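The structure under discussion appears below in the form of structure tokens.
Every number here is computed from the coordinates shown, using simple stated rules; none is lab data. Here the structure is a predicted model, which is why all the values come from computation and not from measurement. We place every Cβ from the backbone using ideal geometry, glycine too, and count neighbours over all the protein chains shown.
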Amino acid sequence: MDFFRHKLRLLAALLVCSVILSGESQAKKLNVMTATTDLAALAQEVGGDKIDVESIAKGYQDPHFVEAKPSFLLKLRRADLLVVVGLDLEIGWLPPLITQSGNPKIQPASVGYLDASQFAEILEKPSGPVSRAMGDVHPLGNPHYWLDPENGRRVAKGIANKLAEMDPADAAYFQQRDQDFEKRLGDAEKNWDNQMKPYRGRKVVTYHKSWPNFAKHFGLDVVGYIEPRPGIPPTPSHTIELIQQMKRDNVKVIMVEPYFDLKTPNSIASGTGGRVVVMLPSVGGEKDVTDYFKLFDYDIALLKKAFDETK
Ligand SMILES: [Zn+2]
């Protein structure tokens, strides 16, 4: 009897220990901040309940021009890891936040600073010397790389590896989550590719150069942009040229990011018999688009409809 009582006591002690330990491991959740919602969505996929993650930019904001709210300073001060898009996408708003946070862990070159562009295929890399002269906001190559599922896969793996490095006790958990994400992404990708197959080679115009990776993946031909250069608002002369080009090439679909004024796109559409499609470049651009999968679901459905209606 004493033996059993002893065993029970032992069990109870173990239980208390495990409760304390699990409480501790909960408190030990990695605190992850990301520049954009897409990176937050990918981090959430691989980080699961071992991380807390929040994006600074909202999904409906232009990621080049985010208002740097001081409330994010406190959050950045507490962060273990900061994941950024890189390629100067955030140069107009993030560097002062990082500096002012006073958090040594997330300063560039520190272990808690992760530039996700290193994992992705980058298009439109400049061949000559780089400068932001003329206001081009893509001086280091196109920073909208997350819009190719292959890059989403690579970035997720890069984040999973970083989480494993920072929290080795949960390394297997992050790797497992990453494998599971890859599998679900592979299945979704087959479906997206099939849906887009009939439209391969279709010509489109976009407002900003947000879509080269998306276009490459799905075989679309982007023949012009409403912005004369990335980050430069439309001019009357450029708009007239674009309308002439669209008529010549019979381009009917105009893809516009949700944060741009629709006045110029609408006038181009009426001048060409075209259709304006407000496509989301980021998770959270609409409230139902809550993860990386729903982003492609949403955009592909809209695009198919626009192609079908403008044959
Ligand atoms: Zn851009």
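Which one, Ser117, Ser282, Ser101, has the greatest fluctuation when you compute a Gaussian network model over the chain with C-alpha springs under 10 angstrom?
Checking each option, the largest mean-square fluctuation is seen for Ser101.
Any idea how far apart Lys263 and Gln118 come out in nm if each label point goes 7 Å out from Cα toward Cβ?
4.4
Please express the Cα-Cα pair-distance distribution P(r) of the range 168-311 as a list of whole percents, one per 5 Å bin, running from 0 to the bin with the greatest distance.
Percent of pairs per bin, in order: 2, 9, 18, 20, 18, 12, 8, 5, 4, 2, 1, 1, 0.
Modelling each spin label as a point 7 Å along the Cα-to-Cβ direction, I'd like the Ser127/Thr290 distance in nm, to one decimal.
Here the modelled spin labels are 4.7 nm apart.
Suppose the Debye formula is applied to equal point scatterers at every Cα of the range 86-217; what is log10 I(q)/I(0) at q = 0.13, 0.23 Å⁻¹?
With no solvent term, the Cα-only Debye profile gives -0.74, -1.35.
Can you compute the label reach from Leu302? Point 7 Å from Cα along the Cβ direction, backbone N cut-off under 12 Å, restricted to the range 202-216.
207, by backbone N distance to the label point.
So, R0 is 35 Å and r is the distance between the beta-carbons of Gln179 and Ser110; what FRET efficiency does that work out to, to 0.05?
0.80
Compute the distance in nm between two label points, each set 7 Å from the Cα along the Cα-to-Cβ direction, one at Glu54 and one at Ala171.
Between Glu54 and Ala171, the simple spin-label model gives 3.1 nm.
Considering the convex hull of the alpha carbon atoms of the range 37-122, report its projected area averaged over all viewing directions, in nm², one decimal.
Orientation-averaged projected area of the Cα hull: 5.7 nm².
Can you work out the FRET efficiency for the pair Lys190 and Arg77, with r the C-beta to C-beta distance and R0 = 51 Å, to the nearest 0.05? Kindly include the intermediate steps, with their values, before the conclusion.
Working: r = 43 Å, r/R0 = 0.84.
Rounded to the nearest 0.05, the efficiency is 0.75.
Given the options Lys183, Lys252, Lys287, which has the most mean-square fluctuation in a GNM of the chain, springs set between C-alpha atoms less than 10 angstrom apart?
So, out of Lys183, Lys252, Lys287, the one fluctuating most is Lys287.
How many percent of all Cα-Cα pairs in the chain sit more than 26 Å apart?
Looking at the chain, the distances longer than 26 Å represent 52 percent of pairs.
Where does the chain land at 222 nm, in deg cm²/dmol rounded to the nearest 500, when only DSSP H runs of n ≥ 4 count, each adding -39500 (n - 2.57), divided by all residues?
So the calculated ellipticity at 222 nm is -15000 deg cm²/dmol.
About its Cα centre, how strong a charge dipole does the chain have in debye, to the nearest 20, once Lys and Arg get +1 and Asp and Glu get -1 at the Cβ?
So the magnitude is around 220 debye.
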